[in-house]
Amino acid sequence: MTRILVTTTSFKDTPGPHHELLARTGWEIVWARGPLPEKQIMDLLGDIDGLLCGDDVLTAAVLDKALPRLRIISKYGIGTDKIDVAAATARGLPVLFTPGVNHTTVSEHCFCLLLALMRNLVVSVNATASGQWKRITGHELYGKTVGIIGLGRIGKEVAIRARAFGMEVCAYDSYWDEAFASAHQVRRCLDVEELLKCVDIVSLHANLNDQTRNLINRERLALMKPGSLVINCARGEIVDTVAMAEALNSGHLGGYGTDVLDEEPPRPDHVLLKAKNCIVTPHIGSRTYESVERQADKAVRNLILAMNGEKPLAQVNQVPIPAPR
């Protein structure tokens, strides 16, 4: 019988038609709670035909352990930085993914974090719950300038919502969509440094790669206006964690709202968990009932199509889909 390993927790924990869709295949489903590190997922592979994964670590060694039986990798979501795509391609493994399913959800979470920082929400709620009536003065979004690094699907949704709040918007992206920028009054910055110098808020939406790792570092944080905010719903590794904590604790930055960390889940002594004016949510930016259903449906359909030798809805690498066994 065809055996499928499913590791994504939001898929498993959220009810919806994706469960019925998967069950109708008749495959044997092996469940595990990810994201799994290299050793743990390696121990589960070897007799698996298809993998429906989240942010599990898929190195070349993991893929070698999975072969020759593994045929398809179906990523639940859009980020593939935890998958060694080059190694998968070299081994003839198709890597599928689900673009276009969570831009609304993640962009809304950006404003959840931003509003919480601007209005001191967490401190105020915690004070009230502890019996204090602590009235802290906050700031408006109206009239503030937000700089978006990465004007893809999610970055564009952030820009649209920022304009609705009456904010000024500028952005940096190496692939510039002039039609969108003109329609939504988004000013183009020619580099990251130009953007950082002129904004009140930075919202990060770049993919993680060798060029963006530690993109927001000590030198670039120093360029930002005192009291500026940073929002990160992309990847934790885009930010130099130690430099961010230093900028927060010194008072240079006014706050950091992040849904992602360089280590997930973090150690109890992670430097950002105790940093001043830092709000960390546990990678839930795409975890809504609506988004989970969209992602899960597309991930399962990708897997079904590819396992049957048919073209999937979206594929990361250019590897032929194998014929069904």
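The values are calculated or read from the model by the stated rules, or taken from the named source; none is laboratory data. Everything numeric in this text was worked out from a predicted model, so none of it was measured. Methodologically, a virtual Cβ is constructed for each residue, glycine included, from the backbone with ideal geometry; neighbour enumeration extends over all protein chains shown. Side chains are part of the model used for accessible areas, which takes the heavy atoms of the whole protein and leaves out ligands, DNA and RNA. Shrake-Rupley method; radii C 1.70, N 1.55, O 1.52, S 1.80 Å.
Values computed for the structure shown
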quantity: For ILE279, residues with placed amide H under 5 Å, excluding near neighbours; calculated: TYR256, GLY257, THR258
quantity: Interchain or long-range residues, amide H under 5 Å from LEU96's placed H; calculated: ILE73, SER74, LYS75, VAL316
quantity: Cα-centred dipole magnitude for segment 204-325, charges only on beta-carbon of K, R (+1) and D, E (-1), debye, nearest 20; calculated: 180
quantity: Debye-sum result for segment 32-172 in log10 I(q)/I(0), which assumes one identical scatterer on each alpha carbon, at q = 0.16 Å⁻¹; calculated: -0.87
quantity: Amide H partners (placed H, <5 Å) of LEU253, local residues excluded; calculated: GLY227, LEU248
quantity: Segment 44-93 and segment 199-224: distance between their alpha carbon centers, rounded to Å; calculated: 29
quantity: Listed residue (LEU51, LEU70, CYS110) projecting farthest to the positive dipole end of the chain, Cβ model; calculated: CYS110
quantity: Accessible surface of the chain [probe 1.4 Å, protein heavy atoms]: carbon and sulfur percent; calculated: 52
quantity: Helix 289-307 axis, angle to the chain major axis (alpha carbon atoms, nearest 10°); calculated: 30
quantity: Measure of compaction for the chain (Cα Rg per 2.2 N^0.38 Å); calculated: 1.06
quantity: At q = 0.16, 0.25 Å⁻¹, base-10 log of I(q)/I(0) for segment 263-311 (Debye sum, equal scatterers on each alpha carbon); calculated: -0.66, -0.90
quantity: Value of D in µm² per second that Stokes-Einstein yields for segment 141-201, Kirkwood Rh from Cα pairs, at 37 °C (0.692 mPa s); calculated: 294
quantity: Charged-residue dipole, Cβ positions (Lys, Arg, Asp, Glu), segment 33-98 about Cα centre, Debye nearest 20; calculated: 100
quantity: Burial order of peptide ranges 128-134, 92-98 (average beta-carbon count within 10 Å, highest first); calculated: 92-98, 128-134
quantity: Relative packing of 289-295, 38-44, which averages over residues the other C-beta atoms within 10 Å, highest first; calculated: 289-295, 38-44
quantity: When the convex hull of its Cα atoms is projected in every direction, mean area for segment 243-325 (nm²); calculated: 8.6
quantity: q = 0.18, 0.22, 0.29 Å⁻¹: log10 I(q)/I(0) that the Debye formula gives for segment 14-80, counting C-alpha atoms only; calculated: -0.71, -1.03, -1.47
quantity: Stokes-Einstein D for segment 54-133, Kirkwood Rh over Cα pairs, 37 °C, 0.692 mPa s (µm²/s); calculated: 206
quantity: Calculated Rg and Dmax of segment 1-43 using C-alpha coordinates, Å; calculated: 11.4, 32
quantity: Protection proxy ranking, peptides 301-307, 169-175, average beta carbon neighbours within 10 Å, highest first; calculated: 301-307, 169-175
quantity: Debye, to nearest 20: dipole size of the chain, +1 on Lys, Arg Cβ, -1 on Asp, Glu Cβ; calculated: 440
quantity: Two-decimal Rg/Rh across segment 174-270, once Rg and the Kirkwood Rh are taken from alpha-carbon atoms; calculated: 0.99
